[in-house]
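Novice: Take this structure, written in structure tokens, and hold onto it; I'll ask about it next.
The values are calculated or read from the model by the stated rules, or taken from the named source; none is laboratory data. Given the structure is predicted, the values throughout are model-derived calculations rather than measurements. For neighbour counting, all protein chains shown are included, and Cβ atoms are generated from backbone atoms with ideal geometry for every residue, glycine included. We work out accessible area using only protein heavy atoms, side chains counted, and drop any ligands, DNA or RNA first. Shrake-Rupley method; radii C 1.70, N 1.55, O 1.52, S 1.80 Å.
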Amino acid sequence: MVDGPLTGLRVIDAATLAAGPLVATWMGEYGAEVIKIEQPDGGDALRQWGAQRDGVGLMWKSLGRNKKCVTLNLRGEAGRDLLRALAATADVVIMNLRPSTLRRWGLDYEGFAAVNPKLVMVHVTGYGAGGPKSDRPGFGTLGEAMSGFAHMTGEADGPPTLPAFMLADGVAALNATYAVMMALYHRDVHGADGQLIDINLIEPLARLLEQPVLTYDQLGTLPARMGNKWDISAPRNTYRTSDGHWLAMSGSAPTIAMRALKAVGRADLTTDPRFAEAQQRLRNAELVDSVMAEWIAGRTLDEAMAVFEEAEVAAAPVYDAAQLLADPQLQARGTYPEIPDPDFGSMRVQAPVPRLSATPGGIDHLGAGIGAHNDEIYGGLLGLSEARRRELHENGVI
């Protein structure tokens, strides 16, 4: 397995779908041993999520990287006993069952702490512990709606818009991952026990969208959808080129906004009081936007980007997947390495992010088959005999 800064840590990934398993994926990229727990009857639903090739989920291949896959039926006490036995050897356990289910099955934090006081537990739910909705099921879509993201996304005269990717899950997973690092630091540096990390799918994304709350709290106004514009930056939009492509531009820094105006031949506007100062420029954002749109519409993507790159304007092409893979900057960095795989021969997936100079992350293997590591974990780690493992399998426990 990958040798990295988290080598020596053991993570039990007993969660499903995206947010919880993503935490384990990222830790596994940096050396943690990750044991992926799946129900014997079909495994994690993530295996069936999205595009498939020959019945194998492409998203699973990436998110299942570096994980040791074992089957375990948690609906019975025998399976829960095995999970507790694994947790007794681990540093981190990740769950996303409802709070009432965890309590009923003895898999809540108190239950795990009884067998391993040093354990850090991540519990991902839709709404978080406490409150009237704490036991309701939740998915990322609900987090994207309730966080305020959908309200702010879309055209001004259009409906609230949801992302076509796992945004709320990903943001929650990022928050949970750094929380795990803090909890482990507290445990290992300060000599403390483990602790419970309560993370939901609403609050992490809402934290990134805090400005509407601040505006409403202090000014009593509710910001509205603005499409690709933003009321703190001008110019800021996506613009169509003469050859049918799109580019995005941001003038968040005043110096960049001035460069953009000069690059499109409107240096006169950089001294105009309506545009030279940031707040005045925002009040006249429509005019700034129309200047940019008209100039870009008369040029191909390559022509416009050549001018903007020469002038060091913050502009970039709007890529699709094919363009992303073909970008020379990302190719030079090896952002999408080709990883050998027994099912597909090889597959390009994104390399670990971020990059550490002394202890970089790595990919040992892509997502394995259901129960591929049962013998290694149950036989090697827990020391169960072959006969006992066979009996557990025949009884539907593993």
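Novice: Being under 33 Å from the mean Cα position of the chain (by Cα) and either of a type in the set (F, W, Y) or part of a helix (DSSP H, G or I) (or both) narrows it down to one residue among A260, A248; which is it?
Specialist: Going through A260, A248 in turn, the sole match is A260.
Novice: Does G380 count as surrounded by fewer than 16 Cβ atoms within 10 Å (Cβ to Cβ) and over 32 Å from the mean Cα position of the chain (by Cα)?
Specialist: Yes: the conditions hold for G380.
Novice: Would it be correct to say that G220 is at pLDDT below 95, surrounded by fewer than 16 Cβ atoms within 10 Å (Cβ to Cβ) and not hydrophobic (A, V, I, L, M, F, W, C)?
Specialist: Considered against the rule, which asks whether it is at pLDDT below 95, surrounded by fewer than 16 Cβ atoms within 10 Å (Cβ to Cβ) and not hydrophobic (A, V, I, L, M, F, W, C), G220 comes out as no.
Novice: Quick one: in segment 268-285, which of the residues that are touching a helix residue (DSSP H, G or I) at 6+ places or on another chain (Cβ under 7 Å) and not charged (D, E, K, R) is surrounded by the fewest Cβ atoms within 10 Å (Cβ to Cβ)?
Specialist: Initial filter on segment 268-285 (touching a helix residue (DSSP H, G or I) at 6+ places or on another chain (Cβ under 7 Å)): 269-270, 273-276, 278, 280-281, 284.
The next check asks that each one be not charged (D, E, K, R); those that pass are 269-270, 273, 275-276, 278, 280, 284.
Working: L269: 21, T270: 15, P273: 9, F275: 24, A276: 15, A278: 15, Q280: 13, N284: 15.
Within segment 268-285, the match that is surrounded by the fewest Cβ atoms within 10 Å (Cβ to Cβ) is P273.
Novice: Taking segment 156-197, which residues are acidic (D, E), farther than 11 Å from V120 by Cα and touching a residue at least 24 places away in the same chain (Cβ under 8 Å)? Talk me through it step by step, then tell me what you get.
Specialist: Step one: filter segment 156-197 for residues acidic (D, E), giving 157, 169, 188, 193.
From what's left, farther than 11 Å from V120 by Cα: 157, 169, 188.
Result: D169, single match.
Novice: Residues to consider are T241, T177; find the one that is out of contact with any His (no Cβ under 6 Å at 6 or more places or on another chain), under 29 Å from D289 (Cα atoms) and either polar (S, T, N, Q) or surrounded by 14 or more Cβ atoms within 10 Å (Cβ to Cβ) (or both).
Specialist: Working: T177 fails: under 29 Å from D289 (Cα atoms).
None of the others qualify; the one that does is T241.
Novice: Quick one: what pairs do we get from segment 1-29, first residue under 13 Å from V93 (Cα atoms) and open to solvent by 10 Å² or more (accessible area, probe 1.4 Å), second part of a loop (DSSP other than H, G, I, E, B) and of a type in the set (A, V, I, L, M, F, W, C), C-beta under 6 Å, 6+ apart or different chains?
Specialist: Close Cβ pairs (under 6 Å, with a partner that is part of a loop (DSSP other than H, G, I, E, B) and of a type in the set (A, V, I, L, M, F, W, C)) amount to L9/A32; R10/A90.
Novice: Right, next: So, in segment 268-288, exactly how many residues are assigned to a helix (DSSP H, G or I) and in contact with a Pro (Cβ under 9 Å, 6 or more places away or on another chain)? Steps first, answer last, please.
Specialist: Taking segment 268-288 as the starting set, the residues that turn out to be assigned to a helix (DSSP H, G or I) are 268-270, 273-276, 278-283, 285-288.
Pick out the ones that are also in contact with a Pro (Cβ under 9 Å, 6 or more places away or on another chain) and you get 276, 278, 280-281, 285, 288.
Residues flagged as assigned to a helix (DSSP H, G or I) and in contact with a Pro (Cβ under 9 Å, 6 or more places away or on another chain) within segment 268-288 amount to 6.
Novice: Counting residues that are modelled with pLDDT of 95 or more and over 19 Å from the mean Cα position of the chain (by Cα), which helices (runs of 4 or more DSSP H) fully inside segment 1-97 reach at least 3?
Specialist: Where helices (runs of 4 or more DSSP H) fall fully within segment 1-97 and carry at least 3 residues being modelled with pLDDT of 95 or more and over 19 Å from the mean Cα position of the chain (by Cα), they are 77-87.
Novice: Report, by residue number, each residue of segment 312-351 that is farther than 16 Å from G367 by Cα, among the hydrophobic types (A, V, I, L, M, F, W, C) and in a loop (DSSP other than H, G, I, E, B).
Specialist: V313, A314, V318
Novice: Right, something else. Residues to consider are A315, A306; find the one that is open to solvent by less than 40 Å² (accessible area, probe 1.4 Å), closer than 30 Å to L261 by Cα, out of contact with any Asp or Glu (no Cβ under 6 Å at 6 or more places or on another chain) and of a type outside the set (K, R).
Specialist: None of the other options fit; the residue is A315.
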